1. Checking residue 188 against (1) under 28 Å from residue 59 (Cβ atoms); (2) touching a helix residue (DSSP H, G or I) at 6+ places or on another chain (Cβ under 8 Å), only one condition comes out false. Which one?
2. Just to be sure, is residue 181 closer than 24 Å to residue 140 by Cα, loosely packed, with under 13 Cβ neighbours inside 10 Å and not assigned by TED's automatic domain parsing to the domain that holds residue 268?
3. Sort out for me the helices (runs of 4 or more DSSP H) sitting completely within the stretch 50-140 that have 1 or more residues that are exposed (fewer than 13 other Cβ atoms within 10 Å of the Cβ) and in the same structural domain as residue 40 (by TED's automatic domain parsing).
4. Applying the selection to the stretch 252-268, what residues are without any contact (Cβ under 8 Å) to a residue 24 or more places away in the chain and surrounded by fewer than 14 Cβ atoms within 10 Å (Cβ to Cβ)?
5. Out of the stretch 155-171, which residues are in a helix (DSSP H, G or I) and loosely packed, with under 13 Cβ neighbours inside 10 Å?
6. So, residue 23, is that one assigned by TED's automatic domain parsing to the domain that holds residue 69 and either within 15 Å of residue 76 (Cα to Cα) or not in a loop (DSSP other than H, G, I, E, B) (or both) or not?
7. Which fully enclosed strands (runs of 3 or more DSSP E) of the stretch 300-364 have 2 or more residues being more than 23 Å from residue 250 (Cβ to Cβ) and without any contact (Cβ under 8 Å) to a residue 60 or more places away in the chain?
8. If the requirement is being more than 21 Å from residue 317 (Cα to Cα) and touching a residue at least 12 places away in the same chain (Cβ under 8 Å), which of these qualifies: 238, 223, 205?
């Protein structure tokens with residue numbers, strides 16, 4: 001056509017814009033004169049919308065270039081090697097403007113897979129009814145890819161409110177990149193304590209203790225707490241167990257003994273501690289060779305559960321023994337005292353009992 005008598009043809013690239021491919025330069029350019037740069041028939045998006053749907057930019061949140069008709073910031077109007085006549089593929093196109101994000105994301109230890117592959121897996125490049133031009137609200141956006149988590153989140157009997165409240169998944173995870181595994185926004189225990197730094201009420205009205213204060217005020221911390229690994233016991237996405245625990249753990253003071261009821265404890269602790277009536281090695285909580293863990297826990301009707309004596313997060317007593325334990329509306333005191341070879345307690349459930357590891361003490 002006449003244009004190519006002066007202008008070079010657009011060759012060597014994979015895709016041509018349809019007017020170029022059809023040899024219809026005058027679909028966009030006025031060959032005689034124009035008030036617009038490059039002798040275009042209209043400016044910016046107004047020209048593009050003569051063929052393309054303007055509804056692309058009518059949602060509440062509009063991408064900057066699309067909002068001002070700067071279509072050619074992202075699309076080449078003549079030819080390209082990339083789908084949709086984009087100037088670059090994947091995140092490289094976004095980084096050509098978002099240089100600050102590129103520096104942050106690409107230097108991180110852990111990068112979210114969509115960030116590596118293509119930003120538009122999560123963001124609409126034109127406009128969206130959702131803030132940050134996201135394709136969906138959280139947590140649905142995340143669960144569209146994380147299908148196993150979707151099954152867990154919506155299928156669990158006990159749900160973690162952090163998944164649904166506020167920023168949802170972003171309460172814990174950075175959606176782009178992080179220096180931490182699982183693209184967490186801060187170290188895991190610090191993250192948990194950013195919410196559990198006050199009393200919190202559950203859906204059933206139960207008041208959860210201020211864990212941060214409990215840890216600060218007590219020196220004897222449970223092993224996972226020492227390791228700053230809350231997720232060692234709790235599943236942050238949801239669980240079928242009390243307190244979103246990973247395995248069963250009794251919520252009551254008394255239960256008939258069943259080994260499976262203590263799966264959480266036995267995932268770290270040796271189960272024989274409550275299976276053997278006599279021992280001189282399994283535990284220091286014994287009267288001579290009488291295993292007092294067995295005596296308390298392994299009962300057909302009223303077995304005392306671990307939580308009857310132990311505080312699972314932190315205590316001021318050795319072996320994170322409780323000062324008191326909730327027993328209905330009453331905080332039942334343990335009155336535990338340690339000795340060099342044993343100890344004693346006088347809780348509300350029985351009179352003073354003394355035990356000695358070296359020689360069985362005959363209690364009244």
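The values are calculated or read from the model by the stated rules, or taken from the named source; none is laboratory data. These numbers were taken from a predicted model, which means no experiment stands behind them. We place every Cβ from the backbone using ideal geometry, glycine too, and count neighbours over all the protein chains shown.
1. Against the list (1) under 28 Å from residue 59 (Cβ atoms); (2) touching a helix residue (DSSP H, G or I) at 6+ places or on another chain (Cβ under 8 Å), residue 188 comes up short only on (1).
2. So residue 181 passes the test.
3. 64-67
4. Once the filter is applied, which keeps residues that are without any contact (Cβ under 8 Å) to a residue 24 or more places away in the chain and surrounded by fewer than 14 Cβ atoms within 10 Å (Cβ to Cβ), the stretch 252-268 yields 258, 259, 260, 267.
5. Once the filter is applied, which keeps residues that are in a helix (DSSP H, G or I) and loosely packed, with under 13 Cβ neighbours inside 10 Å, the stretch 155-171 yields only 155.
6. It is false that residue 23 is assigned by TED's automatic domain parsing to the domain that holds residue 69 and either within 15 Å of residue 76 (Cα to Cα) or not in a loop (DSSP other than H, G, I, E, B) (or both).
7. Of the strands (runs of 3 or more DSSP E) lying wholly inside the stretch 300-364, those with at least 2 residues that are more than 23 Å from residue 250 (Cβ to Cβ) and without any contact (Cβ under 8 Å) to a residue 60 or more places away in the chain span 342-345.
8. After ruling out the rest, the residue left standing is 238.
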